[in-house]
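**Student:** The structure is given below, and queries will be raised subsequently.
The values are calculated or read from the model by the stated rules, or taken from the named source; none is laboratory data. Here the structure is a predicted model, which means the values were calculated and not measured. Ideal geometry is used to build each Cβ from the backbone, glycine not excepted, and the neighbour counts take in all protein chains shown. Calculation scope for accessible area: heavy atoms of the full protein, side chains included, ligands and nucleic acids excluded. Shrake-Rupley method; radii C 1.70, N 1.55, O 1.52, S 1.80 Å.
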Amino acid sequence: MKDLQKQVPKFEEYLRVERGYSLNTVRSYREDLAQFFAFVGMVAPPTAGLLLLRSFISSLFKKNKATSIARKISTLRSFFRFLVKRGVLEENPTLELSLPKLPKMIPRFLAVDEAFRLMETSVGAPPLAGLRDRAILELLWHDKNIW
(Lines give C-alpha, C1' and ligand atoms only; values in the text may rest on other atoms or scores of the structure.)
Protein backbone atom coordinates (compact mmCIF):
# COMPACT_ATOMS: atom_id res chain seq x y z
CA MET A 1 0.00 0.00 0.00
CA LYS A 2 2.91 2.35 0.55
CA ASP A 3 3.65 2.13 -3.19
CA LEU A 4 0.10 3.24 -3.94
CA GLN A 5 0.34 6.10 -1.47
CA LYS A 6 3.40 7.40 -3.34
CA GLN A 7 1.18 7.79 -6.40
CA VAL A 8 -1.07 10.38 -4.74
CA PRO A 9 1.05 13.45 -5.75
CA LYS A 10 1.09 12.20 -9.36
CA PHE A 11 -2.68 11.70 -9.17
CA GLU A 12 -3.14 15.25 -7.86
CA GLU A 13 -1.06 16.61 -10.75
CA TYR A 14 -3.15 14.56 -13.19
CA LEU A 15 -6.35 16.01 -11.70
CA ARG A 16 -5.06 19.59 -11.92
CA VAL A 17 -3.29 19.49 -15.28
CA GLU A 18 -5.05 16.88 -17.41
CA ARG A 19 -8.54 16.97 -15.91
CA GLY A 20 -8.56 20.70 -15.06
CA TYR A 21 -10.07 20.21 -11.60
CA SER A 22 -10.17 23.14 -9.21
CA LEU A 23 -7.80 23.36 -6.26
CA ASN A 24 -10.72 22.74 -3.87
CA THR A 25 -11.67 19.54 -5.70
CA VAL A 26 -8.07 18.32 -5.70
CA ARG A 27 -7.83 19.10 -1.98
CA SER A 28 -11.02 17.10 -1.33
CA TYR A 29 -9.63 14.13 -3.27
CA ARG A 30 -6.37 14.37 -1.30
CA GLU A 31 -8.25 14.39 2.01
CA ASP A 32 -10.39 11.41 0.95
CA LEU A 33 -7.30 9.43 -0.02
CA ALA A 34 -5.52 10.42 3.20
CA GLN A 35 -8.50 9.10 5.15
CA PHE A 36 -8.38 5.85 3.16
CA PHE A 37 -4.65 5.35 3.72
CA ALA A 38 -5.04 6.16 7.43
CA PHE A 39 -7.65 3.41 7.60
CA VAL A 40 -5.32 1.05 5.74
CA GLY A 41 -2.59 1.82 8.30
CA MET A 42 -4.90 0.77 11.14
CA VAL A 43 -5.69 -2.61 9.53
CA ALA A 44 -3.06 -5.17 10.52
CA PRO A 45 -2.17 -6.89 8.25
CA PRO A 46 -3.87 -5.03 5.41
CA THR A 47 -6.34 -7.16 3.52
CA ALA A 48 -6.23 -7.12 -0.23
CA GLY A 49 -8.36 -5.35 -2.81
CA LEU A 50 -12.11 -5.36 -2.62
CA LEU A 51 -12.33 -6.62 0.97
CA LEU A 52 -10.20 -3.71 2.17
CA LEU A 53 -12.25 -1.20 0.19
CA ARG A 54 -15.52 -2.56 1.54
CA SER A 55 -14.17 -2.48 5.10
CA PHE A 56 -13.18 1.15 4.63
CA ILE A 57 -16.57 2.08 3.20
CA SER A 58 -18.46 0.31 5.97
CA SER A 59 -16.39 2.27 8.53
CA LEU A 60 -17.59 5.51 6.90
CA PHE A 61 -21.26 4.85 7.63
CA LYS A 62 -20.72 5.60 11.33
CA LYS A 63 -19.82 9.26 10.85
CA ASN A 64 -20.73 10.32 7.30
CA LYS A 65 -23.81 11.07 5.23
CA ALA A 66 -24.53 9.04 2.12
CA THR A 67 -23.50 11.95 -0.12
CA SER A 68 -20.06 12.13 1.53
CA ILE A 69 -19.60 8.39 1.23
CA ALA A 70 -20.56 8.53 -2.45
CA ARG A 71 -17.93 11.24 -3.03
CA LYS A 72 -15.27 9.17 -1.25
CA ILE A 73 -16.13 6.13 -3.37
CA SER A 74 -15.91 8.33 -6.46
CA THR A 75 -12.47 9.49 -5.32
CA LEU A 76 -11.31 5.90 -4.87
CA ARG A 77 -12.69 4.93 -8.28
CA SER A 78 -10.84 7.79 -9.95
CA PHE A 79 -7.61 7.03 -8.10
CA PHE A 80 -7.63 3.31 -8.91
CA ARG A 81 -8.63 3.99 -12.53
CA PHE A 82 -5.61 6.35 -12.70
CA LEU A 83 -3.36 3.59 -11.29
CA VAL A 84 -4.57 1.10 -13.90
CA LYS A 85 -4.08 3.61 -16.74
CA ARG A 86 -0.52 4.27 -15.53
CA GLY A 87 0.26 0.57 -15.30
CA VAL A 88 0.75 0.60 -11.53
CA LEU A 89 -2.10 -1.92 -11.07
CA GLU A 90 -3.41 -4.56 -13.43
CA GLU A 91 -7.05 -4.31 -12.40
CA ASN A 92 -9.32 -1.84 -10.68
CA PRO A 93 -10.78 -3.27 -7.44
CA THR A 94 -13.32 -0.44 -7.19
CA LEU A 95 -15.35 -1.71 -10.14
CA GLU A 96 -17.29 -3.95 -7.74
CA LEU A 97 -18.21 -1.07 -5.41
CA SER A 98 -21.69 0.37 -5.51
CA LEU A 99 -22.71 3.81 -4.33
CA PRO A 100 -25.00 4.23 -1.35
CA LYS A 101 -28.58 5.18 -2.08
CA LEU A 102 -28.71 8.97 -2.10
CA PRO A 103 -31.66 10.93 -0.74
CA LYS A 104 -33.87 12.58 -3.32
CA MET A 105 -33.91 16.34 -3.11
CA ILE A 106 -37.28 17.84 -3.90
CA PRO A 107 -37.01 21.36 -5.31
CA ARG A 108 -38.84 24.15 -3.51
CA PHE A 109 -40.84 26.41 -5.79
CA LEU A 110 -41.61 30.06 -5.23
CA ALA A 111 -45.09 31.04 -4.23
CA VAL A 112 -46.81 33.54 -6.55
CA ASP A 113 -46.22 36.43 -4.13
CA GLU A 114 -42.54 35.51 -3.80
CA ALA A 115 -42.16 35.42 -7.58
CA PHE A 116 -43.69 38.89 -7.95
CA ARG A 117 -41.43 40.26 -5.20
CA LEU A 118 -38.43 38.78 -6.99
CA MET A 119 -39.43 40.49 -10.23
CA GLU A 120 -39.76 43.81 -8.45
CA THR A 121 -36.17 43.63 -7.14
CA SER A 122 -34.86 44.73 -10.54
CA VAL A 123 -36.69 48.07 -10.27
CA GLY A 124 -33.84 49.90 -8.49
CA ALA A 125 -31.10 48.54 -10.77
CA PRO A 126 -29.48 50.58 -13.56
CA PRO A 127 -31.96 50.88 -16.45
CA LEU A 128 -30.51 48.34 -18.88
CA ALA A 129 -29.51 45.85 -16.18
CA GLY A 130 -32.96 46.16 -14.62
CA LEU A 131 -34.64 45.46 -17.96
CA ARG A 132 -32.34 42.53 -18.62
CA ASP A 133 -32.97 41.03 -15.17
CA ARG A 134 -36.70 41.53 -15.51
CA ALA A 135 -36.70 39.85 -18.94
CA ILE A 136 -34.78 36.85 -17.58
CA LEU A 137 -37.13 36.50 -14.64
CA GLU A 138 -40.19 36.81 -16.89
CA LEU A 139 -38.82 34.06 -19.15
CA LEU A 140 -38.16 31.81 -16.18
CA TRP A 141 -41.60 32.51 -14.75
CA HIS A 142 -43.37 31.76 -18.03
CA ASP A 143 -41.06 28.88 -19.02
CA LYS A 144 -43.75 26.26 -18.41
CA ASN A 145 -45.92 27.93 -21.09
CA ILE A 146 -43.13 27.97 -23.69
CA TRP A 147 -42.61 24.22 -23.83
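For every residue, the table says whether it meets (1) assigned to a helix (DSSP H, G or I); (2) over 20 Å from VAL88 (Cβ atoms); (3) of a type in the set (A, V, I, L, M).
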site	(1), (2), (3)
PRO9	yes, no, no
ARG16	yes, no, no
THR25	yes, yes, no
SER28	yes, yes, no
GLU31	yes, yes, no
PHE37	yes, no, no
VAL40	yes, no, yes
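**Student:** Select, from VAL8, VAL43, the only residue that is farther than 29 Å from LYS104 by Cβ, of a type in the set (A, V, I, L, M), in contact (Cβ under 8 Å) with a residue 12 or more places away in the chain and open to solvent by 20 Å² or more (accessible area, probe 1.4 Å).
**Tutor:** Unique residue meeting the criteria: VAL43.
**Student:** Just for the stretch 16-57: of the residues that are modelled with pLDDT under 90 and hydroxyl-bearing (Ser, Thr, Tyr), which one is farthest from SER74 (Cα to Cα)?
**Tutor:** It comes out as THR47.
**Student:** Filter the stretch 75-104 down to the residues that are over 14 Å from GLN7 (Cβ atoms) and either aliphatic (A, V, I, L, M) or touching a residue at least 24 places away in the same chain (Cβ under 8 Å) (or both) and list them by number.
**Tutor:** PRO93, THR94, LEU95, GLU96, LEU97, LEU99, PRO100, LYS101, LEU102, PRO103, listed by residue number.
**Student:** Hey, among LEU76, LEU110, LEU51, which residue is assigned to a helix (DSSP H, G or I) and over 25 Å from GLU12 (Cα atoms)?
**Tutor:** Every option except LEU51 fails the conditions.
**Student:** Within the stretch 1-15, how many residues are modelled with pLDDT of 95 or more and over 14 Å from THR75 (Cβ atoms)?
**Tutor:** 3
**Student:** Taking the residues in the stretch 11-39 that are closer than 16 Å to LYS85 by Cβ and either of a type in the set (A, V, I, L, M, F, W, C) or in contact (Cβ under 8 Å) with a residue 60 or more places away in the chain (or both) as candidates, determine which candidate is surrounded by the fewest Cβ atoms within 10 Å (Cβ to Cβ).
**Tutor:** Only one residue tops the list, namely VAL17.
**Student:** Listed residues SER98, SER122; which is in a loop (DSSP other than H, G, I, E, B), among the small types (Gly, Ala, Ser), open to solvent by less than 100 Å² (accessible area, probe 1.4 Å) and at pLDDT below 90?
**Tutor:** SER98
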